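The values are calculated or read from the model by the stated rules, or taken from the named source; none is laboratory data. Values in this document were obtained by computation on a predicted structure and should not be read as measured data. Glycine gets a Cβ as well: all are built from the backbone with ideal geometry, and neighbour counts include every protein chain shown. These area figures cover heavy atoms from the full protein model, side chains too; ligands, DNA and RNA do not enter into them. Shrake-Rupley method; radii C 1.70, N 1.55, O 1.52, S 1.80 Å.
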Amino acid sequence: MPRKRYIQAINEALFEEMERDPKVIVFGEDVELAIFGDTRGLLERFGHDRIRNTPICEATLAGMAVGAAVTGYHVVLHMMFSNFIYTGFDAIANQMAKLRLMTGGQIELPLTVIAGYGGGRSTAAQHSDTPHPLLMNLGGVNVLVPATPADAKGLLKQAIRTKNPSFFLEASGRGGDSGEVPDGDYTVPFGRAAIARAGADITMVAIGSMLKPALSAAEKLNLAGIDAEVVDPRTLVPLDEQTIVGSIEKTGRAILVDEARDRCSAASHIAAIIADKAFSSLKAPIKRVTVPNVSMPYAPNAESRVLPSEDRIVQIATDLVRSKQLA
Amino acid sequence: MNPTNEQLVSLFERMTLIRLMEERLRADAGAGRLPGAVHLYIGQEAVAAGVCANLDETDWITSTHRGHGHFLAKGGDPKAMMAEIWGKRTGICKGMGGSMHVADLSKGILGANGIVGGGFAIATGAALSAKLSGNRRVAVAFFGDGAANQGVFMECLNVSTLWQLPLVFVCEYNHFCEFTPTVTVTAGEIADRARAFKIPCEVVDGNDVVAVWKAAAQAIEWARSGKGPAFIEAQTYRIQGHLESEDLFLAGGKYREKQEIEEWRKADPISRLAKLLVSMGVRTAVQLDDISTKIAGIVEDAVRFAEASEPADPELTFEVMFAGQKP
Ligand SMILES: Cc1ncc(C[n+]2csc(CCOP(=O)(O)OP(=O)(O)O)c2C)c(N)n1
């Protein structure tokens, strides 16, 4: 399998889906020159009717995505940094997430919203959020958090073929990471987690950007004689509860690694599911490694103080496995 | 009314301070010495300086992601700004905000802003507060031509007119929204949007500080005297990239011609003011050079201060999140 960069895999998915279906259109601020690189080259290939720069007006863009999707296009709306989802949030929360139910199921909303998320580059509080919890809580939108180039491509293609709205959240810092990407047409189904690393002693559920530190933490733990399993949910809505619960039943210990703020994070949601469905298998308390309930500070040292790190994961995992205490 | 000779000299000083600070940031960003992203104000100095020279320290401004010029023009401390951008605890926001968020409440600087259009409603609220308390303060909202396409602009034009708020809108038409030429995403004239509300409106050469100063003096006086909002569009040009290291994002893509930049360099606002001061016999070229040398020293001191300062205090993240409350 050829190795490709994360951002390149996304770009390929867009090319292939636009090629496949003339009803796929892309719009957003600066998509023509592609500030993240994911939409690069689409204008030259597909022209202005299929991809275009918009004015800066997220409230309208999110609403337009709904309108164009309801009336026959598959819209890919690029919202750049995920913080700008907030600027467009009314149409997302009040229209996109609700219209299908309110119309008694009359409408279909084939639309995909792309946005980059996460910190680690000192872009400060308004360019570093990880807002999947907010989106998960809406109920009416899918939330995709691909961590690898292969999953990015497969999930985006799946999203573009789906009749429901999906948020495709790009792990910003991972744009340059490479991985193996299958050749040819393939999709990754929603709601199917991946076991990124098999292990027996402890389960780490690592969300999106957190897969990388979780995997390297697992390697470190391995040297210390702790065999960690790493589960990548890949999509948060829908969520593959079965794979997560199955892993806990095997290992009896859970660490949930999430770059969202702790309060009402995906990690807390998954913790609740584990407590509910795998309680009798637990040998230790369920632990969350998340961002504390603060805005992202700018200074690099302050930012690394709050971001989940490999070291923090290793520390917590070690304590968890070594402690004989039950919850 | 025209600025006095001494006022012209202090405009020259202020614009030179902004320019030399920005040039230094450009060099340090290029050398990879700064965290995060910096958006520079080079070429637009006359706008911030010409407007803020007409404001009292107690007046309010809201700024943008390109906010260093507004901060310095409104009397912000160069050392504290530099240290902020370096991510140090002596920074004006203690290293928590960085380049895109420089703010000094004691100087009426409500903050630069990472959200395009984020300042409109904040300035409108400050103007409401001024009106309610009868303190004769004025609020100025600086914003870009790109931000003018956010719906909140219209909403603030409406409410400020309706309630006759002491608010001055200052649109800096620098021709670009990131890599998108403004004309390609903007219908009609931005100033006409204000005219539709019968707001007094001036479109000025934003590289002519005297023109900006005169328009601002009038607009601010209008607002201060309780007649409601005023609007200025200053036509200018962004000389630097959208952000430093823009070429990395562009990856060979192009949104403007080098020659266009060179044309605008000829209309450099600081050289124009210098020429005026010399031709009027207010200062000689040598005297102006002396001023610039003195200001270069201030910039040098600011950098030295920033470099020598301690990094931000990571624990402060938790202390300042709320007033008197734990996060
Ligand atoms: C709500 C929001 N949308 C998009 C962006 C990304 N962005 C940052 S600056 C910018 C262009 C702004 O253009 P303009 O208002 O003209 O200001 P300029 O950069 O020209 O000073 C964009 C789209 C943002 N920061 N905030």
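Just give me the residues in the stretch B:278-322 being in a loop (DSSP other than H, G, I, E, B) and more than 14 Å from every other protein chain (Cβ to nearest Cβ), in sequence order.
B:Met280, B:Gly281, B:Val282, B:Arg283, B:Thr284
Given (1) more than 14 Å from chain B (Cβ to nearest Cβ); (2) within 16 Å of the ligand (Cβ to nearest atom), identify the lone condition not met by A:Ala194.
(2)
Residues in the stretch B:172-199 that are at the interface with chain A (Cβ under 9 Å from one of its Cβ atoms) and open to solvent by 60 Å² or more (accessible area, probe 1.4 Å): how many?
Residues flagged as at the interface with chain A (Cβ under 9 Å from one of its Cβ atoms) and open to solvent by 60 Å² or more (accessible area, probe 1.4 Å) within the stretch B:172-199 amount to 2.
Restricting attention to the stretch B:136-163, and to residues there that are open to solvent by 30 Å² or more (accessible area, probe 1.4 Å) and under 20 Å from B:Ala217 (Cβ atoms), which single residue is nearest to the ligand (Cβ to nearest atom)?
B:Arg137
So if I check each of A:Ile35, A:Ile85, which one is within 16 Å of the ligand (Cβ to nearest atom) and either under 18 Å from A:Ser166 (Cα atoms) or open to solvent by less than 10 Å² (accessible area, probe 1.4 Å) (or both)?
Just one listed residue meets the conditions, A:Ile85.
Take the residues in the stretch B:122-135 that are closer than 23 Å to B:Ala53 by Cα, open to solvent by 50 Å² or more (accessible area, probe 1.4 Å) and assigned to a helix (DSSP H, G or I); name whichever of them is farthest from the ligand (Cβ to nearest atom).
The qualifying residue farthest from the ligand (Cβ to nearest atom) is B:Lys131.
I'm trying to understand the selection: among the residues of the stretch A:204-245, which are open to solvent by 30 Å² or more (accessible area, probe 1.4 Å), part of a helix (DSSP H, G or I) and within 20 Å of A:Ala272 (Cβ to Cβ)?
Matches in the stretch A:204-245: A:Glu241, A:Gln242, A:Thr243.
Within the stretch B:254-282, count every residue that is under 30 Å from A:Glu32 (Cα atoms), in contact (Cβ under 8 Å) with a residue 24 or more places away in the chain and open to solvent by 80 Å² or more (accessible area, probe 1.4 Å).
Number of matching residues: 1.
Tell me which residues, restricted to the stretch A:154-171, are touching a Phe, Trp or Tyr at 6+ places or on another chain (Cβ under 8 Å) and charged (D, E, K, R).
Once the filter is applied, which keeps residues that are touching a Phe, Trp or Tyr at 6+ places or on another chain (Cβ under 8 Å) and charged (D, E, K, R), the stretch A:154-171 yields A:Lys157, A:Glu170.
Select from the stretch B:95-104 the residues that are more than 7 Å from chain A (Cβ to nearest Cβ), within 13 Å of A:Ala124 (Cα to Cα) and assigned to a loop (DSSP other than H, G, I, E, B) and list them in ascending order.
B:Val102 - this is the single residue of the stretch B:95-104 that is more than 7 Å from chain A (Cβ to nearest Cβ), within 13 Å of A:Ala124 (Cα to Cα) and assigned to a loop (DSSP other than H, G, I, E, B).
Residues of the stretch B:102-119 being open to solvent by 30 Å² or more (accessible area, probe 1.4 Å) and not basic (Lys, Arg), which ones?
Hits for the stretch B:102-119 are B:Leu105, B:Ser106, B:Leu110, B:Ile115, B:Val116.
Give me the pairs, please: first residue somewhere in the stretch B:151-170 and outside any helix (DSSP H, G or I), second residue anywhere and open to solvent by 10 Å² or more (accessible area, probe 1.4 Å) and of a type in the set (Asp, Glu), beta-carbon distance under 8 Å, and either six or more positions apart or on two chains.
Pairs that qualify, where the first residue is outside any helix (DSSP H, G or I) and the partner is open to solvent by 10 Å² or more (accessible area, probe 1.4 Å) and of a type in the set (Asp, Glu): there are none.
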